[in-house]
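Below is one structure; the comments refer to it alone.
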Amino acid sequence: MSITNDAELEGMRKSSEAVAQTLKAMKDYAKVGMSTKELDEFGGKMLEEFGAKSAPFLTYKFPGYTCISVDNEFCHGIPTAQRILKEGDLINIDVSAELNGFWSDNGCSFVLGEDIHQHQKLVNASKEILEKAIANIKGGVRISDIGHLIETEAKKRGYKVIKNLTGHGVGRSLHEEPHEVACYKDRFNLTRFKKNSVVAVETFISTTSTIAETLADGWTMVGNRGGYMAQHEHTIVVTDGKPIILTTGNGVWD
């Protein structure tokens with residue numbers, strides 16, 4: 001969507017606060033021995049307290065309030081009672097929701113407990129690259145140039161990017177124009193960021209894979225060459241200068 005008045009900006013701020021605070025609380029609530037379903041239900045109750053509704057469920061009938069992916073699962077992981085969290089797990093939580101007609105989206109990857117599998121370096125890279133990417137976004141900037149920046153920064157750190165997972169426009173629905181804010185330089189994408197547009201910017205930084213493939217459950221995605229992936233995501237408003245980051249409440253950069 002494009003922000004045209006103060007009421008729309010306020011609506012986006014409220015929906016973004018709901019998803020950001022829910023994501024932060026879920027990250028803090030996650031414990032060794034807990035099932036991903038229990039963690040998801042905690043997040044679902046928080047969204048309900050805000051008066052918000054799960055975007056994946058509303059849009060796709062996703063079997064959960066949030067997406068929770070663990071270790072080799074890259075994204076869209078289904079919360080289940082059988083998946084029990086363990087020390088050192090690489091966890092990704094993606095929370096998106098609708099509140100009073102406004103939709104917002106954010107996500108983060110983190111290591112649960114002690115970093116016994118050395119995933120923290122990957123997590124840090126994803127966070128740092130997202131911060132640098134967002135700092136370079138303003139009206140008129142080519143979307144492909146931001147993709148180039150993300151991929152270049154990933155390569156500097158010895159990582160790859162997932163090419164078929166992208167950021168996207170958001171606001172009046174979960175996925176809007178621009179439909180693909182990729183993590184690489186897509187030379188066929190000539191579109192530019194537009195002032196006042198609302199965009200969910202995401203980094204998909206991986207150890208070995210470049211494509212995400214869907215498992216038999218129809219939702220969970222893993223790497224075509226295995227390995228691990230870290231994702232971080234903020235919903236922003238594009239301006240002529242520094243973007244307005246609507247989901248800073250998630251504490252990803254704290």
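The values are calculated or read from the model by the stated rules, or taken from the named source; none is laboratory data. Fair warning: this is a prediction, and the values are worked out from it, not measured in the lab. Every residue, glycine as well, gets a Cβ built from its backbone with ideal geometry; the counts of neighbours run over all protein chains shown. Accessible surface is based on the protein model in full, side chains and every heavy atom, while ligands, DNA and RNA are left aside. Shrake-Rupley method; radii C 1.70, N 1.55, O 1.52, S 1.80 Å.
Can you give the local net charge around Tyr65? Use residues other than it whose beta-carbon is closer than 14 angstrom to its beta-carbon, Lys and Arg +1, Asp and Glu -1.
On the way: positive: Lys37, Lys45, Lys53, Lys61; negative: Glu38, Asp40, Glu41, Glu48, Glu49, Asp94, Glu98, Asp105.
That sum, taken over residues with Cβ under 14 Å, equals -4.
Selection among Val19, Ser54, Tyr29 by position relative to the dipole of the range 1-68 gives Tyr29 as farthest towards the positive end (Cβ unit charges, Cα centre).
How would Thr152, Thr36 line up by accessible area, probe 1.4 Å, largest first? Write out the running numbers ahead of the final one.
On the way: Thr152 55, Thr36 0 Å².
Final ranking, largest accessible area leading: Thr152, Thr36.
This model, with +1 at the C-beta of Lys and Arg and -1 at the C-beta of Asp and Glu, gives the chain a dipole about its Cα centre of some 740 debye. Think of each Lys and Arg Cβ as +1 and each Asp and Glu Cβ as -1; about the Cα centre, that makes the dipole of the range 1-112 roughly 220 debye.
With a cut-off of 8 Å between alpha carbons and a minimum separation of six or more residues, what is the relative contact order of the range 128-185 in percent? Display every interim value, and only then the final one.
Numbers: 68 pairs, mean separation 21.8, N = 58.
38 percent.
For a straight C-alpha distance cut-off of 14 angstrom, the aspartates and glutamates reachable from Lys156 (same-chain residues fewer than eight places away being disregarded) are Glu128.
Under 8 Å for C-alpha pairs, at least 6 residues apart: give me the relative contact order for the chain, rounded to a whole percent. Numbers along the way, then the final one.
On the way: 653 pairs, mean separation 58.5, N = 254.
Normalised by residue count, the contact order of the chain is 23 percent.
Measuring only protein heavy atoms, the 1.4 Å probe finds Asp254 accessible over about 150 Å².
To the nearest 10, the accessible area of Lys195 is 100 Å² with a 1.4 Å probe. Between Glu87 and Trp253, the contour length at 0.36 nm per residue exceeds the alpha carbon distance by 57.5 nm.
Think of the chain as a dipole: +1 on every Lys or Arg Cβ, -1 on every Asp or Glu Cβ, centred on the Cα centre; then among Tyr159, Gly227, Leu130, Tyr159 lies furthest on the positive end. Of His232, His117, the residue with the largest accessible area leads and the full order is His117, His232 (1.4 Å probe).
Determine the distance separating the Cα centre of the range 161-210 from the Cα centre of the range 214-252; give it in Å without decimals. For the range 161-210 versus the range 214-252, the Cα centre distance is 9 Å. Expressed as a whole percentage, what fraction of the accessible surface of the chain belongs to carbon and sulfur atoms when a 1.4 Å probe is rolled over the protein heavy atoms? Roughly 50 percent of what the probe reaches on the chain is carbon or sulfur.
Using the heavy atoms of the protein chains and a 1.4 angstrom probe, tell me the accessible area per residue for the chain in square angstrom. List each step's numbers first, then the result.
Working: 11100 Å² over 254 residues.
Roughly 44 Å² per residue, with all protein chains present.
Computed from label points 7 Å out along Cα-Cβ, the spacing between Lys31 and His175 is 3.7 nm. Cross-link pairs exceeding 22 Å in C-alpha to C-alpha distance, out of Lys27/Lys155; Lys53/Lys195; Lys121/Lys155; Lys14/Lys45; Lys127/Lys155; Lys24/Lys86, comprise Lys27/Lys155; Lys53/Lys195.
Rounded, prolate or oblate: which fits the range 149-213, taking a ≥ b ≥ c as square roots of the Cα gyration tensor eigenvalues, rounded meaning a/c under 1.5, else prolate when a/b beats b/c? In terms of gyration-tensor shape, prolate. Test of understanding: given the chain, find the longest segment containing no GluC sites (Glu not before Pro) that are in a DSSP loop and have at most 15 other Cβ atoms within 10 Å. With GluC sites (Glu not before Pro) excluded where exposed in loops, the chain gives 115-254 as its longest stretch.
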